[in-house]
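Peer 1: Structure incoming, see below.
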Amino acid sequence: MQTNIARSLLNLKKNLSNLKKSQKIGLVPTMGCIHNGHLELIKKCKKLKYFTVVSIFVNPAQFNNQKDLKKYPSQEKKDIEILKKNDVDLVFFPKTKQMYPLGYSTYIKEINFSDILCGKYRKNHFSGVLTIVLKLFLIVKPYAAFFGEKDFQQLFLIKKMVKDFNLGVKIIGIPTVRDSNGLALSSRNKLLNARGLEIAKQIYLNIKKIRNLDYKYTKDLELYLKKELKKSGLNNIEYIEIRETNSLKHPKSIIRGKTLRIFIAVHVEGVRLIDNCKLN
Ligand code: PAF
């Protein structure tokens, strides 16, 4: 199987125009630095026998902080090698000036769930995410698209956008892939040194410890986890919140049987890491 590379919209269209009408397209949107988490999305897409398109685009519209954008890791040559090895059909590398040409001014704004959790700390982040994902859907016209549950709020908002705009794209969420220490895989992990990785692994170790504790109120359990994380060397905690999986509501009490998730964002040596996990 050959992996084609498209670096322009025209080239992408040419590649897709050769497909049989019956061939379903599966899209895996990424910002590159391909890791095993991305490979799980690709594996699932290939298993379903979709024509697998992986997009690699570090989307400036979803970064509220220019420093963060500048230091976002990239490894184009290595990514192409990995994607070839994994029999991806087509890799799409759009250029910023094609996605956001001079004078570009249209952005998606979801109004109920975009300013909580990560959105509270990253202004307009989800507007940028939804805008680029919608653009990719309109350009690639996938039957299905694959996203990791590590970015649970992102997955939630993309599902919401597809429903609200009747986009008719099947959204497939894939469970978080973790390294042997439980650290959720993320391209940002590449920015951590050995000490940072040692501290970062405490995130999941501590979540696992508190998952089944018998607390009555969410605030108390959140506070307890915060203390434990601090004891483990995680001093820069952005948020710890327990929310309902299906509604992202923040309940007062921990009612067993309700599917609750714990959401976390921390900074480790200047690198922002997020994780989430079922509570019960
Ligand atoms: O999850 C990501 O890597 C990005 O937010 C996405 C979905 C590719 C949009 O830029």
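The values are calculated or read from the model by the stated rules, or taken from the named source; none is laboratory data. Bear in mind that the values here come from a model prediction, so they are computed numbers and not experimental data. Note that we place each Cβ from the backbone using ideal geometry, even for glycine, and neighbour counts take in every protein chain shown. For accessibility, only protein heavy atoms count, side chains too; no ligands or nucleic acids. Shrake-Rupley method; radii C 1.70, N 1.55, O 1.52, S 1.80 Å.
Peer 1: Arranged from highest to lowest average of other beta-carbon atoms within 10 Å per residue, in what order do the peptides 118-124, 100-106, 47-53, 130-136 appear?
Peer 2: 130-136, 47-53, 118-124, 100-106
Peer 1: Give the accessible surface of segment 1-123 per residue, rounded to a whole number of Å², with probe radius 1.4 Å and ligands, DNA and RNA excluded.
Peer 2: On a per-residue basis, 59 Å².
Peer 1: Looking at segment 149-250, which chymotrypsin sites (Phe, Trp or Tyr not before Pro) are DSSP coil and have at most 16 other C-beta atoms within 10 Å of their C-beta?
Peer 2: Sparse-neighbourhood loop chymotrypsin sites (Phe, Trp or Tyr not before Pro): Phe165.
Peer 1: Quick one: length gained pulling Ser17 to Gln66 fully straight, 0.36 nm per residue minus the C-alpha distance?
Peer 2: 14.0 nm
Peer 1: Once fully extended, how much extra length lies between Asn280 and Tyr239, figured as 0.36 nm per residue of separation less the alpha-carbon to alpha-carbon distance?
Peer 2: This chain segment gains 12.8 nm when fully extended.
Peer 1: Further question: What would the Debye formula give as log10 I(q)/I(0) at q = 0.10, 0.11, 0.17 Å⁻¹ for the alpha-carbon point model of segment 82-181, no solvent?
Peer 2: Debye intensities relative to I(0), on a log10 scale: -0.33, -0.40, -0.94.
Peer 1: Still on this structure: Considering the alpha-carbon set of segment 1-46 alone, what are its Rg and its Dmax in angstrom?
Peer 2: In order Rg, Dmax, the Cα atoms of segment 1-46 give 12.2, 32 Å.
Peer 1: Could you tell me the relative contact order of the chain? Use alpha-carbon pairs under 8 Å, at least six residues apart, and round to a whole percent.
Peer 2: About 17 percent, as a whole number.
Peer 1: Summing +1 for each Lys or Arg and -1 for each Asp or Glu, what net charge is found among the other residues whose Cβ lies under 12 Å from the Cβ of Leu90?
Peer 2: So the surrounding residues net to +2.
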